[in-house]
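Single-structure report; data block below.
The values are calculated or read from the model by the stated rules, or taken from the named source; none is laboratory data. This is a predicted model, so every value here is computed, not measured. Here Cβ is always computed from backbone atoms with ideal geometry, including for glycine, and neighbour counts include all displayed protein chains. Just the protein is used for accessible areas: all its heavy atoms, side chains included, with ligands, DNA and RNA removed. Shrake-Rupley method; radii C 1.70, N 1.55, O 1.52, S 1.80 Å.
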Amino acid sequence: MNLLGLESVLPLDDVMRMNKRQLCYQVLNFGMIVSSALMIWKGLMVLTGSESPIVVVLSGSMEPAFHRGDLLFLTNINEDPIRVGDICVFKIKDRDIPIVHRVIKVHEQADGNSIFLTKGDNNNVDDRGLYAEGQMWLSRSDVIGRARGYVPYVGMVTIIMNDYPKFKYLVLAVLGIFVLIHRE
Amino acid sequence: MGQFLIPEEEWSTGEKKKFQSTLWDASSMKNTLDDAAKTIFVDGFKYKESHRLIDGRLAISLLACSCAAFALVWDYLNPFPQSRPVLIACVAAYYVVTCVLTAHMVWWEKNIFMRAYQSDPAGLDPDSVWTLSSNLPRYTTDYTITVQFKDGSTGSLNEVSITKPMSVWYDGTGLLLQSQYEPEIRKLHDQLISKKKD
């Protein structure tokens, strides 16, 4: 098998000797690792009730509470009403980027629905400039969760991966190859 | 009649040696020893290999991956809040299947890496079963290989094993030496054959 001299760089001895079944198992092993990560993520989604239980703070608009690159853990329990002072993560309709800001005004309507106004701690103005055209308030459905805990700095990895997608693919490819080659 | 069961060309095919392992990598050397023993039994003694164990593992792993794939597709088609019950079911199923897989590997497979059938030459008795298992504890180089023979006609179970530091079978480059290893395995095999005759 001509491997372009790769055998001197990668430990391919075991792989060369594998029969069909063992190769199948290597691929399934890789699949199992991916599946485990996926199931942990879906499990967290179910536990917290939020469609995105872990988010990364992308801007400095919440300093000194949160800095760019912090990792936030969210919960989204509908029964808990959102109050002034809660830090919410919300998405504006038709936009992908989640925003992490503090609730500064709440109007509770008679039927139990609430509308909110948010503002970043480090911003001078409230978020009306960020909302969609003609939108003055956020509703419960825009909110993807409330911040319950955080880990500093760890999110920088995600930011770097998103800024340099080629780096992300390279890291994933290298990890994938090593999982596929390594025989337990 | 050649000295070895496996023709020398098969043991070391050309430039790329078949039983070459990475020196200092204990798991690679163990895998090479396992593969070589398997080759001696399957290609050398011409016993028929049984794939039941690894097929079981493959099937369970495939089931687990399917649960995850199903969850992924379902969640994509029905955005989150609606897919909650299906997701719970998939995560629970995945967890159960992974436990089953671990149970399979710990209790069913144990350290067995080969099982082969030797059919009765007369065609009368059921097949005898040869089982090979091996063990390499952490931080040591003492490799133990156990050969177990289950006689098809009497149903009796016998096993022999040998423990040696791996270095006696390898040369300086990490190549498994046929002259050292094959006779050892054949000796274990022959010990069980002669026990059977007793």
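Is it fair to say B:HIS104 is touching a Lys or Arg at 6+ places or on another chain (Cβ under 7 Å), of a type outside the set (A, V, I, L, M), in contact (Cβ under 8 Å) with a residue 40 or more places away in the chain and farther than 19 Å from B:LEU192 by Cβ? Yes: the conditions hold for B:HIS104. Exactly one residue among B:ASN158, B:ASN78, B:ASN135 is of a type in the set (S, T, N, Q) and within 30 Å of B:LEU23 (Cβ to Cβ), and that residue is B:ASN135.
Matching residues to (1) in contact (Cβ under 8 Å) with a residue 40 or more places away in the chain; (2) in contact with a Lys or Arg (Cβ under 8 Å, 6 or more places away or on another chain); (3) among the hydroxyl-bearing types (Ser, Thr, Tyr):
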| position | (1), (2), (3) |
| --- | --- |
| B:LYS150 | no, no, no |
| B:LEU157 | no, yes, no |
| B:THR173 | yes, no, yes |
| B:ARG186 | yes, no, no |
| B:SER194 | no, no, yes |
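Looking at the stretch B:53-75, I want the residues that are touching a residue at least 40 places away in the same chain (Cβ under 8 Å) and have a partner that is not in a helix (DSSP H, G or I) with Cβ atoms under 8 Å, at least 6 apart or on another chain. Which pairs are those? Correct list of pairs: B:LEU53/B:ILE112; B:LEU53/B:ARG115. I'd like the full set of residues that are modelled with pLDDT of 85 or more, open to solvent by 20 Å² or more (accessible area, probe 1.4 Å) and either assigned to a strand (DSSP E or B) or at the interface with chain A (Cβ under 8 Å from one of its Cβ atoms) (or both), limited to the stretch B:14-69. B:LYS48, B:GLU49, B:HIS51, B:ILE54, B:ASP55, B:ARG57, B:LEU58, B:LEU62, B:CYS65, B:CYS67, B:ALA69, listed by residue number.
Among the residues of the stretch A:60-73, is there at least one that is open to solvent by 50 Å² or more (accessible area, probe 1.4 Å), of a type in the set (Ser, Thr, Tyr) and not in a strand (DSSP E or B)? Scanning the stretch A:60-73, I find no residue that is open to solvent by 50 Å² or more (accessible area, probe 1.4 Å), of a type in the set (Ser, Thr, Tyr) and not in a strand (DSSP E or B), so the answer is no.
To keep it simple, each residue is scored yes or no on (1) over 28 Å from A:THR48 (Cα atoms); (2) more than 14 Å from chain B (Cβ to nearest Cβ).
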residue: A:VAL143; (1), (2): no, no
residue: A:ARG146; (1), (2): no, yes
residue: A:PRO152; (1), (2): no, yes
residue: A:VAL157; (1), (2): no, yes
residue: A:TYR164; (1), (2): yes, yes
residue: A:TYR169; (1), (2): yes, yes
residue: A:VAL174; (1), (2): yes, yes
residue: A:VAL179; (1), (2): yes, no
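Within the option set B:SER167, B:SER179, B:SER134, being under 17 Å from the mean Cα position of the chain (by Cα) and either within 20 Å of B:ALA36 (Cβ to Cβ) or surrounded by fewer than 11 Cβ atoms within 10 Å (Cβ to Cβ) (or both) holds for one residue only, B:SER134.
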